[in-house]
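The block underneath contains the structure these notes are about, expressed in structure tokens.
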Amino acid sequence: MQDSNPLLPDPLRRLAAWCALILLVSGVVYVGIRLCDEFRTAVVPVLLALLGTALLGPLHRRLVKAGVQRSVAAGLTCVAVVAVVGGAVYIVVAALIDTGDEIVASLRQAARGISEHFGAAGTSLEDLASNARELLGKFGGSAASGVISGVSVVGETLAIAVLALLLVFFFLRDSDKATTTLRTLAPRGSADTLEAMARRAFHAVEGFMRGTTFIALIDALCITVGLLVLDVPGAAGLGALVFVGAYIPYLGAFISGAVAVLVALADRGFVIALWVLGVVLAVQVLEGHVLQPMIQSRTVQMHPAVVMVAITAGASVAGVLGMLLAVPLTAAAFGVLQELRTRYGDQEPSPEPSTDS
């Protein structure tokens, strides 16, 4: 006989069940983050390879449809990635090397102009600018003790990049076998659900990466053209910085835009810096009100507050790399939640049997 007077009212029992579920999920997430941090040398290449596969999948599929053998198509795709990334890095480094002295000279000239208008305060700024190289030399001397650790970081970064590139090759080549492997590893009776969630998550990441890349390319081209028209030094390098920064929503655009404005202020003066600021703001308005709704309207839509929280959490866990991975991983999680809601959210609970005697 069912107890007609439970110890706790029904709302409190539901609250307790939700609290237990939240604690359980939080514990699993925390343990998962700790394990990923411990094995980050292996986990990070896998995550980067998944992002690369989501971005490069359409190119690989087109090559395969054109009659190229899968392994050759995957190799050509990876070669294209190395060429594009290497070219972008070269453009940024070359631009910084070519314009570094010019920017420092512009800063010294700006300090002299300030000293003419503000007297002693400006003189101190001029002295600071004139001693900049000496300060940097002292800082470099104190940082020389960390050369060994720096070399180890560079080595680890190169190892992660090479491993991620190799994984991209294998993921692209064997992508046709992924569904079969997933269904084989799935517990009994859950293969269909697991496959649907995986497809929805990968589709969300693929849409995010493809849309973000297209938007980043448009932003970089528009800002580069604006900087060239305004005769700002290092326009190509700043455009490449805008392209890379676009993969970190909001924060990346702010940082790359601020760098462009500061370079313009140092070399071309206050008026040109205002024009550069106007170009950056116009591009951001174009992105927010035209490009984002048009290009990413069919992918997972996330509120800006969710994006900022995800970026902050990613930065606290893994620094810049965490900021880069946070948003696509959050998009994948939203895709899984949408699939679960589609499958189980509309199911009506079955009526309880009557207890009337």
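The values are calculated or read from the model by the stated rules, or taken from the named source; none is laboratory data. Model, not experiment: these values are computed from the prediction. Backbone-built Cβ (ideal geometry, glycine too); neighbour counts: all protein chains shown. Ligands, DNA and RNA are stripped out before the accessible areas are found, and what is left, the full protein with its side chains, is counted by its heavy atoms. Shrake-Rupley method; radii C 1.70, N 1.55, O 1.52, S 1.80 Å.
A few remarks follow.
- The single condition from (1) closer than 19 Å to Leu217 by Cβ; (2) free of Cβ contacts under 8 Å to residues at least 24 places away in the same chain that Ala66 fails is (1).
- Unique residue being modelled with pLDDT of 80 or more, more than 24 Å from the chain's Cα centre (by Cα) and open to solvent by 40 Å² or more (accessible area, probe 1.4 Å) when the list is Arg200, Arg173, Arg210, Arg188: Arg173
- Selection count where residues are part of a helix (DSSP H, G or I) and either surrounded by fewer than 19 Cβ atoms within 10 Å (Cβ to Cβ) or at pLDDT 85 or above (or both), scope region 245-256: 3
- Residues (in contact with a Gly (Cβ under 7 Å, 6 or more places away or on another chain), part of a helix (DSSP H, G or I) and modelled with pLDDT under 80) located in region 279-313: Ile295
- Tally, over region 167-193, of residues that are of a type in the set (Val, Ile, Thr) and part of a loop (DSSP other than H, G, I, E, B): 0
- Residue check: Ala186 meets all listed conditions (1) under 28 Å from Val85 (Cβ atoms); (2) touching a Leu at 6+ places or on another chain (Cβ under 8 Å); (3) not charged (D, E, K, R) but one, namely (1).
- Flag if Val276 is modelled with pLDDT of 85 or more, assigned to a helix (DSSP H, G or I) and out of contact with any helix residue (DSSP H, G or I) (no Cβ under 9 Å at 6 or more places or on another chain): no
- Long-range neighbours under 9 Å by Cβ, at least six apart or interchain, first residue surrounded by 17 or more Cβ atoms within 10 Å (Cβ to Cβ) within region 303-321, second basic (Lys, Arg): Ala318/Arg40; Leu321/Arg40
- Looking across Val46, Val79, one residue alone is among the aliphatic types (A, V, I, L, M), more than 25 Å from Pro233 (Cα to Cα), modelled with pLDDT of 85 or more and open to solvent by 90 Å² or more (accessible area, probe 1.4 Å). It is Val79.
- Test: Val46 is within 20 Å of Val205 (Cα to Cα) and within 28 Å of the chain's Cα centre (by Cα): yes
- A single entry from Ala88, Ala74 fulfils the requirement of being modelled with pLDDT of 85 or more and either in contact with a Phe, Trp or Tyr (Cβ under 9 Å, 6 or more places away or on another chain) or not hydroxyl-bearing (Ser, Thr, Tyr) (or both): Ala74.
- Tallying residues that are open to solvent by 30 Å² or more (accessible area, probe 1.4 Å), under 18 Å from the mean Cα position of the chain (by Cα) and of a type outside the set (A, V, I, L, M) within region 214-229 yields 1.
- Boolean, Val232 is at pLDDT 80 or above, part of a loop (DSSP other than H, G, I, E, B), crowded, with 20+ Cβ neighbours inside 10 Å and touching a helix residue (DSSP H, G or I) at 6+ places or on another chain (Cβ under 6 Å): yes
- Ala74 being in a helix (DSSP H, G or I), within 15 Å of Leu166 (Cβ to Cβ), over 20 Å from the mean Cα position of the chain (by Cα) and touching a residue at least 12 places away in the same chain (Cβ under 8 Å): yes
- Selection of first residues in region 236-253 that are small (Gly, Ala, Ser) and of second residues that are open to solvent by less than 40 Å² (accessible area, probe 1.4 Å) and part of a loop (DSSP other than H, G, I, E, B), restricted to Cβ pairs under 7 Å at least 6 apart or on distinct chains, gives the following pairs, ordered by first then second residue: Gly252/Ala246; Ala253/Ala246.
- Inside region 269-292, residues that are open to solvent by 60 Å² or more (accessible area, probe 1.4 Å), under 12 Å from Leu227 (Cα atoms) and within 25 Å of the chain's Cα centre (by Cα) make up a count of 1.
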